[in-house]
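Structure first, commentary second.
Only the coordinates and a few stated rules stand behind these numbers; no lab work does. Please read these numbers as outputs of a predicted model, since none were measured by experiment. Here the Cβ positions follow ideal geometry from the backbone for every residue, glycine too, while neighbour counts run over all protein chains shown.
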Amino acid sequence: MKMGTGMAIKTFIMCLLAGLVFAVFSCSGNKTDTEEINKKRIFPDYHIALDSIIKTEQGVVSGIELGQNKNNIAANETKKAIEKDASHLTFEQAIDSITKYSITYSFENDTISEIEVIITSKNADEGVQILNDLKNYYRTKYTAPLMDKGYFVFNCFDSKKRNFVITLTDNSGATNSVIDMYVYREK
């Protein structure tokens with residue numbers, strides 16, 4: 001009997017040690033995976049949606065500025081346009097299983113004159129976080145917004161020192177989120 005009990009104790013100790021070793025390596029692996037994901041992110045301090053929508057620190061959205069030739073869009077958008085005509089292009093993309101966005105670029109004389117981004121989420125809290133991170137990102141990059149009739153209004157200057165405006169509006173409901181961003185030059 002003593003031999004059986006000793007064997008049971010050894011087996012228990014071996015299982016306990018194996019579990020501890022597994023736990024230690026699992027925890028350190030998750031930290032490394034998270035660090036790797038953050039290294040690959042463009043805007044690790046903000047909601048992951050900004051990586052999909054803004055895409056790069058250049059430009060306003062998707063690396064695009066107003067006044068650029070419409071041919072620059074193809075190099076910066078990864079999907080095919082869902083709407084296309086001489087006056088505008090519209091792209092749509094999912095960020096995750098509950099959040100997606102569309103971008104419409106409008107043209108005058110083959111140059112980008114306006115950009116509208118609509119971000120929708122099935123989760124209102126997700127939308128609040130995205131809206132706050134967009135405000136913080138553009139506040140840091142350009143200037144603090146003014147509040148005008150429910151719109152956050154950023155008065156900005158592009159890389160060629162030309163004035164333009166970004167407006168952010170929260171059109172969310174109780175259970176979903178709709179954020180509208182509009183980029184244009186005042187006329």
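With a/c under 1.5 counting as rounded, go ahead and sort segment 72-187 into rounded, prolate or oblate using the C-alpha gyration tensor (a ≥ b ≥ c being the square roots of the eigenvalues; past the cut-off, prolate if a/b is larger than b/c, else oblate).
Oblate, because a/c is 1.5 or more while a/b does not exceed b/c.
Give the relative contact order (percent, whole number) for segment 114-184; include only Cα pairs under 8 Å separated by 6+ residues.
The normalised contact order for segment 114-184 reaches 41 percent.
If each of residue 45 and residue 146 carries a label point 7 Å out from its Cα toward its Cβ, how far apart are those two points in nm?
Between residue 45 and residue 146, the label points sit 2.6 nm apart.
What whole-number distance in Å separates the alpha-carbon centres of segment 77-119 and segment 120-175?
That distance is 18 Å.
Compute the length gained on full extension between residue 57 and residue 155: take 0.36 nm times their separation in residues and subtract their Cα-Cα distance, giving the result in nm to one decimal.
Residue separation times 0.36 nm, minus the Cα-Cα distance, leaves 33.5 nm.
Kindly flag which residue pairs out of 70/100; 135/187; 70/141; 40/149; 40/122; 80/149 have an alpha-carbon separation exceeding 30 Å in this structure.
40/149; 80/149
Starting from 0.36 nm per residue, how many nanometres of slack lie between residue 122 and residue 180 once their C-alpha separation is accounted for?
Values: separation 58, 0.36 × 58 = 20.88 nm, distance 1.51 nm.
Difference between extended and current length: 19.4 nm.
Quick one: net charge of residue 97's neighbours, Cβ under 13 Å, K/R +1, D/E -1?
Within the 13 Å Cβ shell, the charges total 0.
Given 0.36 nm per residue, what is the gain on full extension from residue 139 to residue 165 after removing their alpha carbon distance, in nm?
Using 0.36 nm per residue and subtracting the Cα-Cα distance, I get 8.1 nm.
For every other residue with a beta carbon closer than 9 angstrom to the beta carbon of residue 107, add +1 if it is Lys or Arg and -1 if Asp or Glu, then tell me the sum.
-2
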